[in-house]
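A quick write-up on the structure given underneath.
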Amino acid sequence: MSPMAASTERVPTDRAAARCFARTHLAPLATRFDQAGSIPSETLDRVGAAGLWAPFLPVGYGGQGASMLTVGQVHEEIGHACSSVRSLLTVHGMVSWALLRFGTPGQREQWLPRLAAGSVLGAFCLSEPDAGSDAVNLTSRAVRDERGWVLHGTKTWITGGQRAHLFLVFARTGAGIAAFLVPRASEGLTVTPIPGMLGTRGSMLARLTMTGVRVGPDALVGPDGFVNGMVMTGVLDFGRYSVAAGSVGILQACLDACAQYTAHRKVGGTALRDRQLIQAKLSDMVTDTRAARLLYEAAGRLKDQGDADTLMATWVAKYFASTAAARHAAEAVQIHGAVGCTPGHLVERLYRDAKVMEIIEGSNEIQRITIAADAYRKDVR
Amino acid sequence: MSHNDPSAVVAAFLQQRFPHVEIAHDEDIFALGLVNSLFALELVMFVEKTFGFTVPSDEMRIDSFRSIDAISALVDRQSATV
Ligand SMILES: Cc1cc2nc3c(=O)[nH]c(=O)nc-3n(C[C@H](O)[C@H](O)[C@H](O)COP(=O)(O)OP(=O)(O)OC[C@H]3O[C@@H](n4cnc5c(N)ncnc54)[C@H](O)[C@@H]3O)c2cc1C
């Protein structure tokens, strides 16, 4: 950890602290991160020093016992400044959450303090070249022997993969699809960077090739069998919640940028903000931003109550927030005209980042299929 | 309906989730095809919130959640341990 990061004062994590951190340490550098295609170690250290990696972990593990509502608000504020860093928080949080919920005491003791501090970074490895939306058809496999498990297969589009120390890898066992903890240093594991993605370009994606990767018997997260599907569902629920909140951050950033730009930009001698068509666009942005925020915060409160309804509430929040973010980021570019199409301009980045929100943690088509299935299951009388 | 009768509480939850399906208390909800991974997690969360315990890892198995009777027995076992 750099000396500068170590000296950063830890304040309890909440929306205000995250906003202050994001505006000071992320927003001024986010374009640079995007163009470089990576987040520097110094910034990652700062995130750790501010206690932002997994604040929901209990104090006993080095976390802050933050509520899920607070976690959502933190991810919104980070997403407002930099979707690439927010994406890293998402996958790191997914790994931490999986261990907290389904890990053995030994796994928790071994990993959670380091995940809380960010000295170990986690990544979530489900997608494969031939299995994305249809993750149930993944072909990576884990074979049990007397010494533990041996993994074979390829994982791709892994956010944070270039830097992560600990991979949560989903692979097929005899009993279903189970999750395994695979340290980066494992023999037989090759990590290949994937540069130049459309959006969240600084989030350091990678492809993982596993050729006979050996892990111990304690690498399995949750007992093999009934729990397998639940680990995946629960982890993706966390990811979706984070992406919903991050999408609200993008929405708010679009709104802020457009309000500022239209106040100054004059067309035909009149400020754009005095044009009613522009006002209509801004009012829709305000309304959708508030609605999306209410949706993810409602899902967060249900998580804090342990209420099973949080799962569908999160699907709905992510669907609404990500589609609204993509729609309004496109309008934000439109409102800025050619300026908004310039490399390095804020709304140009927001536009690319917003598009990704419609694809990750369950694409919008999958969101709609799931939401409709729930409607038919419960709401149609 | 009180928590003294867990099977009635569990039956009401299943009824609310699957209003079109009649489920007998000893019927295998997995065999009925009602349980996907989303519903499995919902079910575990429902049991934990309603009855106030965390399902221990040795109870995280299909047999503990197979039917209304099985879930009710799980609740009884956990109540006996506190
Ligand atoms: C920036 C970025 C970061 C990512 N990070 C991670 C990560 O950290 N870990 C990880 O495991 N994965 C990650 N992914 C992968 C992501 O989860 C997948 O891209 C996503 O699940 C979709 O899978 P796919 O790309 O293979 O698309 P496909 O599954 O091939 O789908 C292609 C299109 O078809 C649509 N479609 C699929 N099924 C249906 C259907 N039944 N009806 C109608 N339309 C359908 C999809 O919605 C999509 O629009 C990342 C992706 C991106 C872009």
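For region B:20-35, the count of residues that are at the interface with chain A (Cβ under 10 Å from one of its Cβ atoms) and more than 30 Å from A:ALA178 (Cα to Cα) is at least one. Condition first: buried (at least 19 other Cβ atoms within 10 Å of the Cβ), more than 12 Å from A:TYR261 (Cα to Cα) and not charged (D, E, K, R). Now tell me which residues in region A:330-358 satisfy that. Answer for region A:330-358, where residues must be buried (at least 19 other Cβ atoms within 10 Å of the Cβ), more than 12 Å from A:TYR261 (Cα to Cα) and not charged (D, E, K, R): A:LEU350, A:TYR351, A:ALA354, A:VAL356, A:MET357.
Scanning region B:36-62 for residues that are at pLDDT 85 or above and more than 7 Å from chain A (Cβ to nearest Cβ) yields B:ASN36, B:PHE39, B:LEU43, B:VAL47, B:THR50, B:PHE51, B:GLY52, B:PHE53, B:THR54, B:VAL55, B:PRO56, B:GLU59. When region A:173-226 is filtered for residues that are more than 16 Å from the ligand (Cβ to nearest atom), assigned to a loop (DSSP other than H, G, I, E, B) and either within 21 Å of the chain's Cα centre (by Cα) or of a type in the set (Gly, Ala, Ser) (or both), the ones remaining, listed by number, are A:GLY174, A:ALA175, A:ALA185, A:SER186, A:GLY188, A:GLY216, A:GLY222, A:GLY225.
From the list A:ALA135, A:ALA131, the one residue that fits, being within 12 Å of the ligand (Cβ to nearest atom), farther than 19 Å from A:ARG86 by Cα and within 14 Å of chain B (Cβ to nearest Cβ), is A:ALA135. Here the condition is being farther than 30 Å from B:THR54 by Cα and in contact with a strand residue (DSSP E or B) (Cβ under 9 Å, 6 or more places away or on another chain); of A:THR90, A:THR139, A:THR173, it holds for A:THR139 alone.
Assessment of region A:357-373 against the conditions (among the hydroxyl-bearing types (Ser, Thr, Tyr), within 16 Å of the ligand (Cβ to nearest atom) and closer than 28 Å to B:LEU41 by Cα) yields at least one matching residue. Of these, A:ARG290, A:ARG368, A:ARG301, A:ARG327, which one is open to solvent by 50 Å² or more (accessible area, probe 1.4 Å), within 14 Å of chain B (Cβ to nearest Cβ) and under 23 Å from the mean Cα position of the chain (by Cα)? Testing whether each residue is open to solvent by 50 Å² or more (accessible area, probe 1.4 Å), within 14 Å of chain B (Cβ to nearest Cβ) and under 23 Å from the mean Cα position of the chain (by Cα) leaves just A:ARG301. Within region A:160-167, is there a residue that is within 14 Å of chain B (Cβ to nearest Cβ) and either away from the ligand (no atom under 16 Å from the Cβ) or open to solvent by 10 Å² or more (accessible area, probe 1.4 Å) (or both)? So far as region A:160-167 goes, no, none of its residues is within 14 Å of chain B (Cβ to nearest Cβ) and either away from the ligand (no atom under 16 Å from the Cβ) or open to solvent by 10 Å² or more (accessible area, probe 1.4 Å) (or both). Assessment of region A:216-231 against the conditions (open to solvent by 30 Å² or more (accessible area, probe 1.4 Å), within 14 Å of chain B (Cβ to nearest Cβ), in contact with a Ser or Thr (Cβ under 7 Å, 6 or more places away or on another chain) and not charged (D, E, K, R)) yields at least one matching residue.
The values are calculated or read from the model by the stated rules, or taken from the named source; none is laboratory data. Keep in mind it's a predicted model, so treat the numbers as computed, not measured. Counting neighbours? That spans all protein chains shown, and the Cβs are built from the backbone with ideal geometry, glycine included. For the accessible areas, the whole protein counts, side chains as well, though only heavy atoms, and no ligand, DNA or RNA atoms are used. Shrake-Rupley method; radii C 1.70, N 1.55, O 1.52, S 1.80 Å.
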